[in-house]
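Comments concern the structure below.
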Amino acid sequence: MSGRGRLIQGAFALGLAALAAVPALSEIKSGTEFLSPDMRRQQADETRNPAFFWVEQGRELFSRKPTPDGQACVSCHADPQQSLRGTAAHYPQVDAATAKLLNLEGRIEQCRVERQGQPAFGYESPELLAMTAYLGSLSRGLPVEVKTDGAAKPYYEAGKAFFERRQGQLNLSCQQCHDGLVGQKLRGDTVSHGAGTGYPAYRLEWNDVGSLHRRLRACSLGVRATQFDYGSPEYLALELYLAGRAKGLPVETPGMRR
């Protein structure tokens with residue numbers, strides 16, 4: 001059999017495995033469950049988890065005025081440890097004013113532009129990663145509680161379709177790995193259910209903190225499919241679907257991943 005034939009046969013077998021192994025939402029596990037015991041301990045320890053450097057930077061940015069006569073975030077959100085506790089657990093969500101789907105990064109950028117009158121930080125910038133890590137950390141340990149019905153339903157369904165659709169030169173879907181191959185090894189890593197509850201996260205392969213969309217782009221590249229822009233409608237919808245699958249799991253930001 002030719003190499004192309006083996007590839008097609010392998011993809012077909014993966015598809016059958018995924019269809020036979022679609023988990024109930026109650027069976028979805030956090031990415032932490034697939035880490036080694038030492039990495040779990042390191043993630044939980046603020047003195048050993050490198051991502052907490054970004055959390056500290058985000059806390060400082062949150063309290064700093066963007067300009068001498070400007071307003072800091074804390075001016076509106078006093079005592080963020082209390083007033084914003086649990087906020088990150090509800091993102092992505094549909095913005096009532098625009099009917100657009102926003103993730104936490106999108107909400108931060110919206111506030112910075114519309115309320116602080118400043119230019120957006122830009123996706124994957126050090127500042128936005130730090131702010132998102134900080135705000136995410138305020139919900140650490142609380143269950144994910146995104147809305148997937150009402151105004152959010154079309155976005156959720158689009159994300160579900162993306163998750164199930166075969167893509168790229170390898171003709172693979174997210175579902176085939178993150179439902180059908182969970183627990184198996186891929187280049188030294190263990191395939192998880194794809195929950196995004198730890199992002200922004202410090203990944204060892206990056207030696208850096210990155211957003212969930214950075215990880216999604218890496219997955220797209222891995223199957224030789226189109227890499228959409230950070231904050232694209234496609235990845236936002238997929239982020240909502242993944243959050244819907246992860247309902248009830250604890251927010252782990254900032255997580256650690258391999």
### Task
Go through (1) crowded, with 19+ Cβ neighbours inside 10 Å; (2) assigned to a loop (DSSP other than H, G, I, E, B) one by one and return the number of the condition GLY141 breaks.
(1)
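Yes/no per residue for (1) modelled with pLDDT of 95 or more; (2) more than 28 Å from ASN49 (Cα to Cα); (3) open to solvent by 50 Å² or more (accessible area, probe 1.4 Å):
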position	(1), (2), (3)
LEU172	yes, yes, no
VAL182	yes, no, no
GLY188	no, no, no
TYR199	yes, no, no
ARG214	yes, no, yes
THR226	yes, yes, yes
GLU239	yes, no, no
VAL251	yes, no, no
GLY255	yes, no, no
### Any pair with Cβ under 6 angstrom, 6 or more apart, that starts in the stretch 120-136 at a residue that is β-branched (Val, Ile, Thr) and ends at one that is open to solvent by less than 20 Å² (accessible area, probe 1.4 Å) and part of a loop (DSSP other than H, G, I, E, B)
THR132/PRO200
### Message
Looking only at the stretch 57-76, filter to residues that are touching a residue at least 12 places away in the same chain (Cβ under 8 Å) and part of a loop (DSSP other than H, G, I, E, B); which one of those is least open to solvent (accessible area, probe 1.4 Å)?
### Response
GLY70
### Task
Those residues that are more than 15 Å from LEU212 (Cβ to Cβ), touching a helix residue (DSSP H, G or I) at 6+ places or on another chain (Cβ under 6 Å) and small (Gly, Ala, Ser), I need them from the stretch 123-136; list them, please.
ALA130
### Residues of the stretch 36-56 classified as part of a loop (DSSP other than H, G, I, E, B) and either modelled with pLDDT under 95 or not hydrophobic (A, V, I, L, M, F, W, C) (or both), total
7
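Listed here are the residues, each with its yes/no results for (1) in a loop (DSSP other than H, G, I, E, B); (2) closer than 22 Å to GLU33 by Cβ; (3) open to solvent by 40 Å² or more (accessible area, probe 1.4 Å); (4) modelled with pLDDT of 95 or more.
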site: VAL146; (1), (2), (3), (4): yes, yes, no, yes
site: PRO154; (1), (2), (3), (4): no, no, yes, yes
site: ALA158; (1), (2), (3), (4): no, no, yes, yes
site: GLN169; (1), (2), (3), (4): yes, no, yes, yes
site: GLN175; (1), (2), (3), (4): no, yes, no, yes
site: SER192; (1), (2), (3), (4): yes, yes, no, yes
site: GLY196; (1), (2), (3), (4): yes, yes, no, yes
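The values are calculated or read from the model by the stated rules, or taken from the named source; none is laboratory data. Everything numeric here is computed off the predicted structure, so don't read it as measured data. In this analysis, Cβ positions are derived from the backbone assuming ideal geometry, glycine residues included, and neighbour counts consider all displayed protein chains. Ligands, DNA and RNA are stripped out before the accessible areas are found, and what is left, the full protein with its side chains, is counted by its heavy atoms. Shrake-Rupley method; radii C 1.70, N 1.55, O 1.52, S 1.80 Å.
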